[in-house]
Amino acid sequence: MISIRNILVPLDLGDYAVHALPYARELATTFGATLHLLHVVDSRWVAGAGGAAFPEYGDNLMKRFEDDATRALDQVRTGLPQALSVTTAIRIGPPHVQVVQYARDLEVDLIVIATHGRSGLKHALIGSVAEKVVHMAPCPVLSMKHPEH
């Protein structure tokens, strides 16, 4: 029998990422697994354009992004059943690298990740965090395409 003790759900805190959560929740409930909610602050983006894009955050831009992510993850967590074992984490760096490293560090058994469903030029220019995670992950990955795409 398959043993799933730890399920990782990377969340960019947008509408696309949240649609993977019901699947992860059901799997965690079925297997009695811990659900890990992870948000990655992309330091490359913050360093490159963040200050210009978010002048209202002032000098401590990274701290503000971390605080915002903490509040958002706490809000997601409160929407989950109390009986479910849930942990939240924030990492800083390239998202696909941090997701894979978190999975290795915590011996994650399954990653449930949303994909934006981009194709063509948008996919070539922007890339896909989900696709990179699928290729690099140390465990199985369930990739969820948004129902509208």
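Out of all Cα-Cα pairs in the stretch 1-42, roughly what percent, to the nearest whole number, are more than 11 Å apart?
63
What residues qualify as long-range amide H neighbours of THR115, i.e. H under 5 Å apart, gap of 5 or more or another chain, H built at 1.01 Å from N?
MET144, LYS145, HIS146
How much of GLU66 can a 1.4 Å solvent probe reach, expressed as accessible area in Å² and rounded to 10?
60
Once amide H atoms are built 1.01 Å from N in the peptide plane, which residues 5 or more positions from LEU84, or in another chain, come under 5 Å H to H?
none
On a 1.4 Å probe surface of the protein chains, which of ILE2, ILE113 comes out largest in accessible area, and what is the full order?
ILE2, ILE113
Could you work out the local net charge near ILE113, counting Lys and Arg as +1, Asp and Glu as -1, over the other residues with Cβ closer than 13 Å to its Cβ?
It works out to a net charge of 0.
The values are calculated or read from the model by the stated rules, or taken from the named source; none is laboratory data. Bear in mind that the values here come from a model prediction, so they are computed numbers and not experimental data. Neighbour counts are summed over all protein chains in view; Cβ atoms, including those assigned to glycine, are modelled from backbone coordinates with ideal geometry. Protein only, heavy atoms only, side chains kept; ligands, DNA and RNA dropped before computing areas. Shrake-Rupley method; radii C 1.70, N 1.55, O 1.52, S 1.80 Å.
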